[in-house]
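K.L.:
Sharing a structure with you now.
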Amino acid sequence: MVRHLLTLNDLTDKELLEILDFADEIKGNPKQYATAMKDQTLLMIFAKPSLRTRLSFEVGMTQMDGHGIYYDLSNSPMGKKESIADTARTAARYVDIVMARLFGHEDIEEYAKYSKVPVINALTNFAHPCQIIADLQTIREKKGGKQKKLKGIKLAYCGDGNNNVTHSLIEGCTKVGMDISVACPKGTEFEPQAKVIEIGGKSAERNKCKLVITNEPHEAVKDADVIYTDSWMSYHVPKEKEAGRMTMFKSYQVNSELMKHAKKDAIFMNCLPAMRGYEQTVDVIDGPQSVVFDQAENRLHAQKAIMLFLLGRMGAKG
Ligand code: CP
Ligand code: NVA
């Protein structure tokens, strides 16, 4: 059966950890995978801008002797003259694997339903699973010690809770046994969606860790090992909401005062792109606790691991 990665819940807890181990293995021995994607083609569908996702997927394919096709949705009939289903059925006749960055999550679900080749969610309004796989790899490197342990590590997220990165963080952290506290303003516009809290709660119970949603950033960051934030203006948020959101999120800004309430050696993370002076201050993102560019680098290693996993080629060394 063809495997897709639309949210982290498409993976078992064990598979998620296997992908993290595999990403570490590829990172440590990239030359071993120099032909792992020989004769394979990745279709990269983009409805939104990207730096990291596009580069890491495309470079990842190049480094493994495969090929990536960048496909800008504004130059495509998909969703206009051609249905998502027909696009998916057609593309699968040419390419071996697809990644798509779309607006509606239901659109990628529709695409995957008709695709005979694996489909990877490269960000929808609802979820960003690839980002969080790279983030967990980064957290393990920085905080996991020799045992590469994620259990017992606490991550605090401050800012927009109804957000793709936040949703995937809730799914990912609870699947690997990490505690996660999300601090966001009250109201459905800003809080994580109920279905994510429900599934995250079940994973937290299974893996004996904590999922907390609060409106208090200081409470969230207390004893945290990782402080995480993301844009207050995600790609899909309309411009007219900007002024109101800046006011709502102001007290959730990650600044040095807030960082003081976390563990002394806490790391700071942001999936990027970042706006200095908004979701975090300059001194935090450009300071010694920030690991944002290590996160960005790990997108490359994690992307390779995800693609090889979905294609059933985890053993494929070059
Ligand atoms: N973090 C991330 O997905 O970045 P891009 O939007 O640049 O791809
Ligand atoms: N939440 C952000 C993530 C960007 C990688 C957005 O959707 O724009």
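The values are calculated or read from the model by the stated rules, or taken from the named source; none is laboratory data. Quantities reported herein were computed from a predicted structural model and do not represent experimental measurements. Methodologically, a virtual Cβ is constructed for each residue, glycine included, from the backbone with ideal geometry; neighbour enumeration extends over all protein chains shown. Heads up: the accessible areas ignore ligands, DNA and RNA and are worked out on the full protein's heavy atoms, side chains in. Shrake-Rupley method; radii C 1.70, N 1.55, O 1.52, S 1.80 Å.
K.L.:
If you roll a 1.4 angstrom probe over the protein chains with everything in place, what fraction of the accessible area of the range 176-255 belongs to carbon and sulfur, to the nearest %?
P.N.:
The value for the range 176-255 is 54 percent carbon and sulfur by accessible area.
K.L.:
Could you give the C-alpha radius of gyration of the chain expressed as a fraction of 2.2 N^0.38 Å, taking N as the number of residues it contains?
P.N.:
Numbers: Rg = 18.9 Å, N = 318, 2.2 N^0.38 = 19.6 Å.
That works out to 0.96 for the chain.
K.L.:
Still on this structure, I have one more. Using a cut-off of 12 Å between beta-carbons, work out the net charge of the residues near Glu58 (Lys and Arg +1, Asp and Glu -1, Glu58 not included).
P.N.:
On the way: positive: Arg52, Arg54, Arg299, Lys304; negative: none.
Charge balance in the 12 Å sphere: +4.
K.L.:
Can you work out the FRET efficiency for the pair Val59 and Arg3, with r the C-beta to C-beta distance and R0 = 25 Å, to the nearest 0.05? Display every interim value, and only then the final one.
P.N.:
Working: r = 23 Å, r/R0 = 0.92.
With R0 = 25 Å, the Cβ-Cβ based efficiency is 0.60.
K.L.:
Please label the shape of the range 1-108 as rounded, prolate or oblate, based on the square roots a ≥ b ≥ c of the eigenvalues of the alpha-carbon gyration tensor (a/c under 1.5 means rounded; beyond that, a/b larger than b/c means prolate, else oblate). Numbers along the way, then the final one.
P.N.:
Working: a/c = 1.92, a/b = 1.48, b/c = 1.30.
Taking the square roots of the gyration eigenvalues as a ≥ b ≥ c, the range 1-108 is prolate.
K.L.:
While we're looking at this one, here's another question. With the other protein chains left in place, how much accessible area per residue, in square angstrom, belongs to the chain at a 1.4 angstrom probe?
P.N.:
Values: 13800 Å² over 318 residues.
With the other protein chains kept in place, the chain gives 43 Å² per residue.
K.L.:
Nearest 0.05, what FRET efficiency do Ser83 and Glu18 give at R0 = 30 Å with Cβ-Cβ as r? Please list the in-between numbers first.
P.N.:
Details: r = 35 Å, r/R0 = 1.17.
Computed FRET efficiency for Ser83 and Glu18 comes out at 0.30.
K.L.:
Picking from Gln40, Ala156, Leu16, whose Cα lies most toward the positive end of the charge dipole for the range 1-160 (charges on Cβ: Lys, Arg +1; Asp, Glu -1)?
P.N.:
The residue sitting most towards the positive pole is Ala156.
K.L.:
With a ≥ b ≥ c the root eigenvalues of the C-alpha gyration tensor of the range 210-274, is it rounded (a/c under 1.5), prolate (a/b larger than b/c) or oblate? Intermediate values should be presented prior to the final figure.
P.N.:
Details: a/c = 2.15, a/b = 1.82, b/c = 1.18.
Here the range 210-274 falls in the prolate category.
K.L.:
Heavy atoms only, probe 1.4 Å: what % of the accessible area of the range 70-165 goes to carbon and sulfur, would you let me know?
P.N.:
Values: 1860 of 3930 Å².
Ligands and nucleic acids excluded, carbon and sulfur reach 47 percent.
K.L.:
For the chain, what is the calculated [θ] at 222 nm in deg cm²/dmol (nearest 500), taking -39500 (n - 2.57) for each run of four or more DSSP H residues and dividing by its residue count? If you can, show how the numbers build up before the last one.
P.N.:
Working: 12 runs with 126 residues, N = 318.
About -12000 deg cm²/dmol.
K.L.:
For the range 125-274, take the alpha-carbon Rg, divide it by the Kirkwood Rh, and send me Rg/Rh.
P.N.:
Answer for the range 125-274: 0.94.
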